[in-house]
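Engineer: Can you read through this structure? Questions will come right after.
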Amino acid sequence: MDESKKGFMKHLGGLNFRKIEENNFEFSVEIKEMHLNTGGIAHGGFLATIADAGMGTAAHMISENKRCVTINLEIKFLSAGKLGDDLIGKVQILKKTKTLIFINCIMSNSKEIVSSASGTWKILN
């Protein structure tokens with residue numbers, strides 16, 4: 001089974017993920033009704049969760065499949081994600097040390113940037 005459809009992520013509809021090049025990755029997810037807030041747009045918690053999952057998956061891959069945990073996550077909500085939108089997250093590894101990975105992510109629909117995120121992941125032994 002696809003790792004992005006196991007555990008917690010299966011409750012969010014999964015996440016499609018792929019490596020683009022050495023330090024660049026991409027993920028996608030469709031906004032479904034269960035992802036909407038009472039205002040009818042993608043819930044900020046959902047956007048933060050998929051950013052964390054997509055960036056965390058990149059950290060795991062760049063660390064040679066070692067377990068990584070989120071130390072901090074900062075997110076900016078720039079526009080509304082709407083029902084049926086396909087969100088594409090473009091993930092960039094900024095720096096990797098022996099114990100830390102610094103990552104940026106931009107999530108967009110077909111028209112505009114919906115959110116931007118950055119964070120730090122700890123590589124566990």
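Engineer: Please list the non-local residues whose amide H lies under 5 Å from the amide H of G81, H modeled 1.01 Å from N, same-chain partners needing a gap of 5 or more.
Structural biologist: Correct list: A42.
Engineer: Against the longest alpha carbon principal axis of the chain, how many degrees, from 0 to 90 and to the nearest 10, is the axis of helix 44-62 turned?
Structural biologist: Result, in degrees: 30.
Engineer: If you don't mind, there's one more thing I want to ask. What are the principal axis extents of the Cα atoms in segment 13-92, in Å, biggest first?
Structural biologist: 40, 24, 21
Engineer: If you rank I101, I41 by fewest surrounding Cβ atoms within 10 Å, what's the result?
Structural biologist: I41, I101
Engineer: Using a Gaussian network model of the chain with C-alpha springs under 10 Å, which one of N24, N109, N37 is most mobile by mean-square fluctuation?
Structural biologist: Fluctuation is largest for N37.
Engineer: If the elastic network links every pair of Cα atoms under 10 Å, which of G81, G44, G89 fluctuates the most in the Gaussian network model of the chain?
Structural biologist: Fluctuation is largest for G44.
Engineer: Also, I was wondering about something else. Number of Lys-Lys pairs in the chain under 19 Å by Cα, sequence gap 8 or more or different chains?
Structural biologist: Pairs that pass both the separation and distance tests number 23.
Engineer: If you don't mind, there's one more thing I want to ask. Using the Karplus curve 6.51 cos²θ - 1.76 cosθ + 1.60 with θ = phi - 60°, work out ³J(HN,Hα) for each residue of segment 77-84 in order, rounded to whole Hz, and write x for Gly and Pro.
Structural biologist: Once rounded to whole Hz, the list reads 9, 9, 7, 8, x, 10, 3, x.
Engineer: Explain nothing, just the number: relative contact order of segment 3-123, from Cα pairs under 8 Å at least 6 residues apart, as a whole percent. Write out the running numbers ahead of the final one.
Structural biologist: Details: 248 pairs, mean separation 31.2, N = 121.
Result for segment 3-123 is 26 percent.
Engineer: What ³J(HN,Hα) values, in whole Hz, does the Karplus curve 6.51 cos²θ - 1.76 cosθ + 1.60 give for segment 112-125 when θ = phi - 60°, with x put for Gly and Pro?
Structural biologist: Once rounded to whole Hz, the list reads 7, 6, 8, 7, 10, 9, 8, x, 10, 10, 9, 8, 8, 8.
Engineer: What residue among N104, G39, S63 has its Cα farthest toward the positive end of the dipole of the chain, where the charges are +1 on Lys, Arg and -1 on Asp, Glu, each on the Cβ?
Structural biologist: With unit charges placed on the Cβ atoms, the residue in question is S63.
Any read-out appearing in this document is the output of simple, stated calculations on the displayed coordinates, not a laboratory observation. Here the structure is a predicted model, which is why all the values come from computation and not from measurement. Using ideal geometry, Cβ is built from the backbone for each residue, glycine included, and neighbour counts are taken over all protein chains shown.
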